[in-house]
Structures are given as structure tokens and as C-alpha cells.
Amino acid sequence: MTDNIKPKEATSIINSLVSGVVPKIGVQHITVGRTEEIEAFITSLNDVKNGHSLVKFWIGDFGSGKSFMLHLLNTVALKQKFVVSNADFTPDNRLYANDGKSVLLYSAIMDNISIQTKPEGGALQTLLEKWIEQIITITAEESGISLVDIRNEEHLPLIQNSIMKTINEITDVGGFDFGSVIVKYYEGYIKGDELLRRNALKWLKGEYKTKTEARQDLGLREIVNDQNFYDMLKNFCKLFVSMGYSGFMINLDEAINLYKISTSQMREKNYEKILTIYNDCFQGKVSNLFINFAGTKEFLENERRGLFSYQALKSRLQTNKFETLEVRDYAQPVIKLTPLDHNEIFVLLKKLKMIFDYNYKSDINISDEDISAFMEEMFNKPGASEFLTPREVIRDFLNILNILRQNPEVDKKKMFGEIEIEDERPNDLAILDTIEEI
């Protein structure tokens, strides 16, 4: 099983899971029990590759594997030649704002852009330069100038015109500014002006706070702001597809932070933005875009603060009434993640033991019977049925492996017996419904 895992992936898996977070790379090596979801997702990816757009909501309890699922979707989408990005909602960023919080979300998306050769993010510059190289090649062919000569500064206006012409053909709202910035980037690229390139990239990533600053640095009158960031994402999607990529997939995790917005008016505006994106995608107003939201059941179904408090979303996102636990519909916009069963967790822990040994070049004395004994201890503890999550099981198991690796003489059965179950859910959710609206 460890034959096809890279050392970097093994280290990422172990270090991340011990810290209670999902590894950025290598999640495919520890996937169990999500076959039907992944098969349905691949079908959806094919639809998006063919020009459709989709929005999916991945819903599950705290610690049920939502973030893991999004990282797994990344791995699958990258292999299908998608450009992928991830961002978490936080108290400081959101989809709708008038104080810069939407641009912060946009900047996080831009920072985390990944392609198969750069799966850990930071691929925006690589993509820009790849696109510019394509424009240079096409312009050289059309103008009969050699690929070497066309890079001379005397031909700068020719390439700049080609960039603007191509951008105008593929973009809608905000296309002129978008194209102007890429022209500036090209100018820096050809002249070896690192500062100009950096400033153009800064604009594209939404990092300019004022128009004055952008005008001084780039001669542009507009910047990416709370109102136009979604148009910019759509422009990037078109740019990526024009380069030959299958589409642009954006994963937005921790959607509970939208549920936590204290004023009902601001919450509603954010839900309205989700509705706009949803309608754009399903009505065919945008192509090759795939947006995934991950959140808890409260975020979706709470009638007072969740998506279901917004009637237009509730009518679109209600579960197929013919679905049961045994009969699932993975084609609908909302996918509810059921917890892993005990057999699946057992398989997962076996995989983790192998990856752990591979990573540390160790051979920890833990048998299948020991893994079963560990699980029995965990799942029979007081509070296990209510609070125990896969995250906690994994972390405790890896912590035990770490102790045994460094202290082989320690009694593992004694350690199993010392495990305690804690409620790791955020403690502010339960009281939110009783908070008076500000």
C-alpha cells in the first residue's frame, strides 16, 4: 500500500493529522468509505468540463470529514486538469461585505490556486506566465516574427494588443481592467522589471486597498473590491479554460462562520450572494465553474440563522424526499456526509499505521487485534456515542504510535485504558440561537 506514496505525502499526512488538521497532499492514500460520493463527483466534474457549472454543499457534523472530503475532491479535480483553490470562511472574510471582508476571501482564493504540478497552492504566477507564453507563440505565428525576436521590447505593443484582444474576447464585466493588469505584468516580464510584475500580481490577488495606490503603481483607476471580486473569479475561470484547463473549482470551507454573522441583515446578504452564485451556475450564466461549500447541519437547516432561513435557498436545497440512509441521491446539490462506520475506521487506522511506519522507517508493535482493542476502548467510553469524531480517534491513535515509537517499553494496553473522550465541538454554536440580534 505504501508503494505509491511519496515521502513528502507521508510526512504531510502524519504531521497534519497529529495536529488535528487535514493534510494538503496525499489524502487519497487514507480515503475509506467514500466511493459513491467520489464516483458522483467525477460525473459532476465531467459535466463542468463540458461547459456546465455546479454548486455543491457538503454537509456533516463537526469532525465528520467535510474538510477531508474537500481535500479529496481537490486531488481528483487536479488529476482531471482543473485549476483548484480552497479558502476557509472566517470571522474576517465572507461573500458579501462593504468593509473589505469579501476581498479578503478573494485574496485567500487567489493565494491558494493549485494545478497538478503545484498542488499545494501558489500557482497563479505560473498560470499567468504559461498563458502569456501561449499568447506570444500565437502572435509570433500570426505576424511571421520569430519566437526569439518577438520578445524584443520593440514588439511590446504587438503582444500587448494581442493580450487585450484575447481578454476582451473571453471576459465580460471588469475585463478591461483585468486585461490592462496582465499587459502590465507582461511588460514587467519582458523588461525584467520585478517590481512591475509584483504590483500587477498584487492587483490580481486583490491586495490593493485604495484606488490611489493602484493608480500610482500601475496607472489603473479600478481595484478588486467587495462588489466586483466575483466577476474577477469568473474572468479567471474563462482565462484558465482558454489555456486548455477543464475548469475552475473553488472550495469554501467553514461555512458555519456565515451562520455566526451576528446581524440578520448581513447574514441575509451573504445568503443572497450564495443564491446569485447558485443561479448563475445552474442557469448557465457561467461556464466551467464548480463551487463547493462545506458546513454543518446547523448552517444548512437552521430556520433562524442557517441557509433555510432564506426562503429562496430553502426551496432549492431541501433534501430529495425519496432519499433514505440506504437509498442516496448524490446528484442533488446537498450531499450529507454520513459518519464512517467502525469497519471503515478500522481500515483507516491500519492504513495510518503503515504510513506512520513508512514515514519514520519504524515497525511499531501494533497488530490488527491491538487496533480492534484500541477502538473498543474508545467507542465504549462515556460520551463516545455523542462526542467522538474520526478526528479524535485518528489523533489519539497517532499519539499512541508516537509514544511507542520513542518508548517501545510502554504498555500499550494501559495507554488505551487512559483515553478520555472530550466534547471538541465549538461551544459557541449552541448559544447562538438565544443571542439577541444586534
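Take the conditions small (Gly, Ala, Ser) and either part of a strand (DSSP E or B) or at pLDDT 85 or above (or both) and apply them to Ser64. Does it pass? Walk me through it before giving the result.
On the way: small (Gly, Ala, Ser): yes; either part of a strand (DSSP E or B) or at pLDDT 85 or above (or both): no.
Judged against the criteria, Ser64 is not a match.
Table: residues versus (1) buried (at least 20 other Cβ atoms within 10 Å of the Cβ); (2) in contact (Cβ under 8 Å) with a residue 24 or more places away in the chain; (3) in a helix (DSSP H, G or I); (4) of a type outside the set (S, T, N, Q).
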{"residue": "Asp231", "(1), (2), (3), (4)": "no, yes, yes, yes"}
{"residue": "Asn235", "(1), (2), (3), (4)": "yes, yes, yes, no"}
{"residue": "Leu239", "(1), (2), (3), (4)": "yes, yes, yes, yes"}
{"residue": "Asn251", "(1), (2), (3), (4)": "yes, yes, no, no"}
{"residue": "Ser262", "(1), (2), (3), (4)": "no, yes, no, no"}
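Among the residues of the stretch 255-299, which ones are under 23 Å from Asn46 (Cα atoms), under 16 Å from the mean Cα position of the chain (by Cα) and of a type in the set (Gly, Ala, Ser)?
Result: Ala294, single match.
When you scan the stretch 1-30, how many residues do you find that are surrounded by 20 or more Cβ atoms within 10 Å (Cβ to Cβ), touching a residue at least 24 places away in the same chain (Cβ under 8 Å) and not aliphatic (A, V, I, L, M)?
2
Only one of (1) on the phi < 0 side of the Ramachandran plot; (2) at pLDDT 95 or above is not met by Asn288, so which one is it?
So the condition that Asn288 fails would be (1).
Scan the stretch 184-227 for residues that are β-branched (Val, Ile, Thr) and over 29 Å from the mean Cα position of the chain (by Cα) and jot them down.
Matches in the stretch 184-227: Ile190, Thr212.
Report the residue count in the stretch 181-221 for those that are without any contact (Cβ under 8 Å) to a residue 40 or more places away in the chain and of a type in the set (A, V, I, L, M, F, W, C).
So the answer is 9.
So is Arg304 loosely packed, with under 14 Cβ neighbours inside 10 Å and among the basic types (Lys, Arg) or not?
Judged against the criteria, Arg304 is a match.
Can you pull out every residue in the stretch 62-98 that is buried (at least 21 other Cβ atoms within 10 Å of the Cβ), in contact with an Asp or Glu (Cβ under 8 Å, 6 or more places away or on another chain) and among the charged types (D, E, K, R)?
Lys66
Only residues in the stretch 52-78 that are without any contact (Cβ under 8 Å) to a residue 60 or more places away in the chain and over 22 Å from Arg395 (Cα atoms) count as the first member; pair them with residues that are in a helix (DSSP H, G or I) and open to solvent by less than 10 Å² (accessible area, probe 1.4 Å), Cβ under 9 angstrom, at least 6 apart or cross-chain, and list the lot.
The qualifying pairs are Thr75/Val27; Val76/Phe41; Val76/Leu45.
Considering only residues that are closer than 19 Å to Lys101 by Cα and among the aliphatic types (A, V, I, L, M), look in the stretch 215-229 and name the one that is surrounded by the most Cβ atoms within 10 Å (Cβ to Cβ).
First, pick out the residues of the stretch 215-229 that are closer than 19 Å to Lys101 by Cα: 222-229.
Subsequent filtering for residues that are among the aliphatic types (A, V, I, L, M) retains 223-224.
Details: Ile223: 22, Val224: 26.
Step by step, filter the stretch 215-229, then rank; the result is Val224.
Looking at (1) open to solvent by 40 Å² or more (accessible area, probe 1.4 Å); (2) among the acidic types (Asp, Glu); (3) farther than 20 Å from Thr137 by Cα, which is the only condition Asp177 fails?
(1)
Filter the stretch 101-136 for residues that are β-branched (Val, Ile, Thr) and either open to solvent by less than 50 Å² (accessible area, probe 1.4 Å) or not in a helix (DSSP H, G or I) (or both); which is farthest from Asn235 (Cα to Cα)?
Across the stretch 101-136, the extreme among qualifying residues is Thr117.
The values are calculated or read from the model by the stated rules, or taken from the named source; none is laboratory data. Small disclaimer: the values here were computed from a predicted structure and weren't measured. Note that each Cβ is placed from the backbone with ideal geometry, even for glycine, and that neighbours are counted across all protein chains shown. Calculation scope for accessible area: heavy atoms of the full protein, side chains included, ligands and nucleic acids excluded. Shrake-Rupley method; radii C 1.70, N 1.55, O 1.52, S 1.80 Å.
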